[in-house]
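Quick one: this structure, given as structure tokens, is what I'll be asking you about.
The values are calculated or read from the model by the stated rules, or taken from the named source; none is laboratory data. Since we're looking at a predicted model, the values are computed, not measured. For neighbour counting, all protein chains shown are included, and Cβ atoms are generated from backbone atoms with ideal geometry for every residue, glycine included.
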Amino acid sequence: MSHIIVGTAGHVDHGKTKLIQALTGVDTDRLKEEKKRGISIELGFAPFRLPSGRLAGVVDVPGHEKFIHHMLAGIGGIDLVLLVVDVTEGVMPQTQEHLEIMDLLQIPRGIVVLTKIDLAEDEEWLDLVEEEVKEALQGTFLAAAPIFRVSAYTGYGLKELAQAIDEATAQLTPRDAKAPFRLPVDRVFTMSGFGTIVTGTVVSGTVKLGTNVAVLPADRTARVRQIQVHGKQVEAAYAGQRAAINLSGLEKEIIPRGSVVATPGTLEASYLLDAKLQLLQSSPWKLKNLARVHVYLGTGHAVGRIALLDRDELEPGKSAFVQLRLEKKLVAQNSDRFIIRSFSPMTTIGGGVVLDAHPVKHKRFNRDVLERLKELEKGDPTAPILQRIRREGAVAQTVLRKEAGISPEALQKILERLLNEGKIKQAGDYLINAFAVPEWQEKLLEALTTFHQKSHLAVGMSRAELKNVLGQEMPVNVYDWLLSGLVQMGRIKLYDDLVALAGHVPAPTAKESALMEKLSRLYLQSGFKPPTFTEAAEKIGLTKKETLELIAYLVHTKVLVRLDEQFALHMTHFQQAKKELCRHFKEHKTLAAGEFREKLGSTRKFVLPLLETFDRLKWTRRMGSDRVLWRLDLNECEEGEIDG
């Protein structure tokens, strides 16, 4: 079932609140000051049972120019607007400003309501007012809107208006209840025994009783204790409904109007927003670069500056790509609409659409930035997803599902399209910029080529060292996928933790061969008391770095077995140690380090690295201070091969 919100708009004292009371039976003016002055000051809310039986929510906005900020907090979440015009006054300044605001916000649909017809002089007067209204609506989203004449006092025309509202809202596209939950807060208060309660329109997703939600920009988490929709306790609230949510553990002061309650991890507050801005034709001023303005987005409001990205000033009636640089954070998603008002005196001068809710600060007249914004402006749902993947190189699907602001099904269709078009590739849960893959592969191959030139004796470069070529942010899964691809292409070879070019074969010089022979004899003669790498370097007259390169080659050719950062063991002695291990476990359940030290006639500082090597090979497993047999086959271990 789809849920819809109906809102009002129009000049002060044109009968918006009385109209809603006549339609719903609810007086939305709840404040004493509103009763005293006879005008709406704050947002008012009411349930509206439509003729079809569907239940809509109504948001009644104040019409006085002094309370335009309240009007802006309520008008953005509606599906259908009732533009109310008093026939005794006709089109007034706030009628015009509200109309411009709704046009900029692209409210989906609207109906024009001429009120107080019982006070009209005659039918001819009503016709004149209707013509005036039609003229004012030319070129706006309400240009073809139906016009109804009603009297909240006599009830004339109310039945027909209600039927029209029912039929118009039935044709609207339902909001996405499967997308991440988002509720911009338009009211917050406390109740004794309950704590903090926020109200707002659920613009997307679903919130359920007992779940945790994020509160932004405070960046706090709270549990949903209770949910009310139209004054009734419910288990869940859905996109398109007005909801009151009781949040546990949060003080009223940290959730002002303009906050957003959302699925945790799906939104971030930001000081920067990239957008397309339309300056109204009625704006009394040109907009200069870095002009200070008031920005209204959702129920939020912030002062900020407008950075014009492709010009020095924006003329009335024109549009431009801009970056909103705010003085306090607002919470936005791509495609959100916003309004700007001049800083002083305050008047509505324009509005637009958010193209990127999380940009970096741009330099002006940057061609790449402008091209990217032009692509986003087209409205292709794949564009923001593709741009994010291109910007970050690789993004986890789990992250996109949380942050894309759309349902998992809609996101999957976008990803399938991008995969089919060859614009992205997939590695497990990660989605990768397809155009970056050849560049990454080339960087890896160049790094390996350089490494082999400098270290011709080395079998290969360590995986970790090679990964640094691509930056620390490269996910390990994506890096492994890149290596696997290069292996399949026949460009590289993998040796455990080492990576080498496919055609690389370590080729020692005659001098290096002689030095390695010397090292081999040294380790063979040292038995189970081998030298450290530093000591070995001193004995053969090389630097430690040079010695380690020779040892790495001997390990690769299985002359030596490297145990840790200090020790290696000749393969002959390693095989002997393995046989001793087998003999011991044929007669005992456990092995202590001291026992093995005595069997080998060695020292503790050497035996411990040897036992830890057995652990890494999964021959043994440590249990307390002893070892127990793990995956070593005693029937085959007499052969002495390293089979781990």
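Checking the conditions here, which among Ala514, Ala510, Ala537 is in contact with a Lys or Arg (Cβ under 8 Å, 6 or more places away or on another chain) and either modelled with pLDDT of 90 or more or not hydrophobic (A, V, I, L, M, F, W, C) (or both)?
On the way: Ala514 fails: in contact with a Lys or Arg (Cβ under 8 Å, 6 or more places away or on another chain); Ala510 fails: in contact with a Lys or Arg (Cβ under 8 Å, 6 or more places away or on another chain).
Result of the check over Ala514, Ala510, Ala537: Ala537.
Looking only at the range 398-445, count how many residues are touching a strand residue (DSSP E or B) at 6+ places or on another chain (Cβ under 6 Å) and of a type outside the set (Ser, Thr, Tyr).
Total meeting the criteria: 7.
Do you know which residues across the range 81-130 are more than 16 Å from Thr8 (Cα to Cα), of a type outside the set (Gly, Ala, Ser) and without any contact (Cβ under 8 Å) to a residue 40 or more places away in the chain?
Thr88, Asp118, Leu119, Glu121, Asp122, Glu123, Glu124, Trp125, Leu126, Asp127, Leu128, Glu130
Going through the range 203-245 one residue at a time, which ones are farther than 18 Å from His3 by Cβ, polar (S, T, N, Q) and assigned to a strand (DSSP E or B)?
Within the range 203-245, Asn212, Thr221, Gln226 qualify.
Here's another thing I want to ask about it. Scan the range 152-161 residue by residue and report those that are assigned to a helix (DSSP H, G or I) and closer than 10 Å to Ala22 by Cβ.
Leu158, Leu161
Could you please let me know if Gly317 is out of contact with any Gly (no Cβ under 9 Å at 6 or more places or on another chain), within 19 Å of Gln106 (Cα to Cα) and not aromatic (Phe, Trp, Tyr)?
yes
Scan the range 181-202 for residues that are under 20 Å from the mean Cα position of the chain (by Cα), among the aromatic types (Phe, Trp, Tyr) and in a strand (DSSP E or B) and jot them down.
If the condition is that a residue be under 20 Å from the mean Cα position of the chain (by Cα), among the aromatic types (Phe, Trp, Tyr) and in a strand (DSSP E or B), then no residue fits.
Could I ask something else about it? What do you reckon, is Leu297 at pLDDT 95 or above and crowded, with 20+ Cβ neighbours inside 10 Å?
Judged against the criteria, Leu297 is not a match.
Show the residue pairs meeting these rules: Cβ distance below 9 Å; 6+ apart or different chains; first residue within the range 131-146 and under 16 Å from Ile101 (Cα atoms); second residue outside any loop (DSSP other than H, G, I, E, B) and among the polar types (S, T, N, Q).
Filtered contacts from the range 131-146: Ala136/Thr95; Ala136/Gln96.
For (1) crowded, with 22+ Cβ neighbours inside 10 Å; (2) more than 30 Å from Lys318 (Cα to Cα); (3) outside the structural domain of Ala404 (by TED's automatic domain parsing); (4) without any contact (Cβ under 8 Å) to a residue 60 or more places away in the chain, each residue gets a yes or a no:
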{"residue": "Arg187", "(1), (2), (3), (4)": "no, yes, yes, no"}
{"residue": "Leu209", "(1), (2), (3), (4)": "no, yes, yes, yes"}
{"residue": "Ala218", "(1), (2), (3), (4)": "no, yes, yes, yes"}
{"residue": "Arg225", "(1), (2), (3), (4)": "no, yes, yes, yes"}
{"residue": "Leu250", "(1), (2), (3), (4)": "no, yes, yes, yes"}
{"residue": "Leu279", "(1), (2), (3), (4)": "yes, no, yes, no"}
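Run down Ala394, Ala383 and say which single residue is without any contact (Cβ under 8 Å) to a residue 24 or more places away in the chain and under 20 Å from the mean Cα position of the chain (by Cα). Working first, answer last.
Working: Ala394 fails: without any contact (Cβ under 8 Å) to a residue 24 or more places away in the chain.
The conditions single out Ala383.
Could you please give the count of residues in the range 114-128 that are assigned to a helix (DSSP H, G or I) and either polar (S, T, N, Q) or farther than 22 Å from Ala162 by Cβ (or both)?
5
Continuing with this model, one more query. Take the range 406-422 and flag every residue that is in contact with a Ser or Thr (Cβ under 8 Å, 6 or more places away or on another chain) and over 17 Å from Ser204 (Cβ atoms).
Those that are in contact with a Ser or Thr (Cβ under 8 Å, 6 or more places away or on another chain) and over 17 Å from Ser204 (Cβ atoms): Arg417, Leu418.
Moving on to the next point. Only one residue in Glu446, Glu465, Glu439, Glu473 is part of a helix (DSSP H, G or I), among the charged types (D, E, K, R), within 37 Å of the chain's Cα centre (by Cα) and under 15 Å from Glu392 (Cα atoms). Which one?
Numbers: Glu446 fails: under 15 Å from Glu392 (Cα atoms); Glu465 fails: under 15 Å from Glu392 (Cα atoms); Glu473 fails: part of a helix (DSSP H, G or I).
Selected residue: Glu439, the only one of Glu446, Glu465, Glu439, Glu473 that is part of a helix (DSSP H, G or I), among the charged types (D, E, K, R), within 37 Å of the chain's Cα centre (by Cα) and under 15 Å from Glu392 (Cα atoms).
Let me ask something else. Are any residues in the range 496-512 of a type in the set (D, E, K, R) and either in a loop (DSSP other than H, G, I, E, B) or touching a strand residue (DSSP E or B) at 6+ places or on another chain (Cβ under 9 Å) (or both), and if so, which ones?
If we filter the range 496-512 for residues that are of a type in the set (D, E, K, R), which is where we start, we get 496-497, 511-512.
Residues satisfying the conditions are Asp496, Asp497.
Looking at the structure I just gave you, is Pro264 surrounded by fewer than 21 Cβ atoms within 10 Å (Cβ to Cβ), within 17 Å of the chain's Cα centre (by Cα) and part of a loop (DSSP other than H, G, I, E, B)? Even if it seems obvious, please write down each step before you answer.
Details: surrounded by fewer than 21 Cβ atoms within 10 Å (Cβ to Cβ): yes; within 17 Å of the chain's Cα centre (by Cα): yes; part of a loop (DSSP other than H, G, I, E, B): yes.
Spelling it out, Pro264 is indeed surrounded by fewer than 21 Cβ atoms within 10 Å (Cβ to Cβ), within 17 Å of the chain's Cα centre (by Cα) and part of a loop (DSSP other than H, G, I, E, B).
Filter the range 525-558 down to the residues that are within 21 Å of Val499 (Cβ to Cβ), of a type in the set (Ser, Thr, Tyr) and surrounded by 18 or more Cβ atoms within 10 Å (Cβ to Cβ) and list them by number.
The answer is Tyr553, and nothing else.
Search the range 83-100 for residues being among the polar types (S, T, N, Q) and surrounded by 19 or more Cβ atoms within 10 Å (Cβ to Cβ), and hand back the single one that is nearest to Leu119 (Cα to Cα).
The selected residue is Thr95.
Moving on. Filter the range 335-353 down to the residues that are under 23 Å from Asn366 (Cα atoms) and either of a type in the set (A, V, I, L, M) or surrounded by fewer than 22 Cβ atoms within 10 Å (Cβ to Cβ) (or both) and list them by number.
Ser335, Val353
So how many residues does the range 107-131 have that are surrounded by fewer than 19 Cβ atoms within 10 Å (Cβ to Cβ) and under 47 Å from the mean Cα position of the chain (by Cα)?
Result for the range 107-131: 2.
State all residues of the range 354-378 that are under 20 Å from Leu104 (Cβ atoms), touching a strand residue (DSSP E or B) at 6+ places or on another chain (Cβ under 9 Å) and surrounded by fewer than 18 Cβ atoms within 10 Å (Cβ to Cβ); if no residue qualifies, say none. Steps first, please.
Taking the range 354-378 as the starting set, the residues that turn out to be under 20 Å from Leu104 (Cβ atoms) are 354-357, 373, 376-378.
Narrowing further to those that are touching a strand residue (DSSP E or B) at 6+ places or on another chain (Cβ under 9 Å): 354-357, 373, 376-377.
Passing the criteria: only Glu377.
One line per residue, one yes/no per condition, for (1) in contact with a Leu (Cβ under 8 Å, 6 or more places away or on another chain); (2) farther than 30 Å from Val499 by Cα; (3) surrounded by fewer than 15 Cβ atoms within 10 Å (Cβ to Cβ):
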position: Leu560; (1), (2), (3): yes, no, no
position: Glu565; (1), (2), (3): no, no, yes
position: His573; (1), (2), (3): yes, no, no
position: Lys579; (1), (2), (3): no, yes, yes
position: Phe596; (1), (2), (3): yes, yes, no
position: Gly601; (1), (2), (3): no, yes, yes
position: Met623; (1), (2), (3): no, yes, yes
position: Arg631; (1), (2), (3): no, no, yes
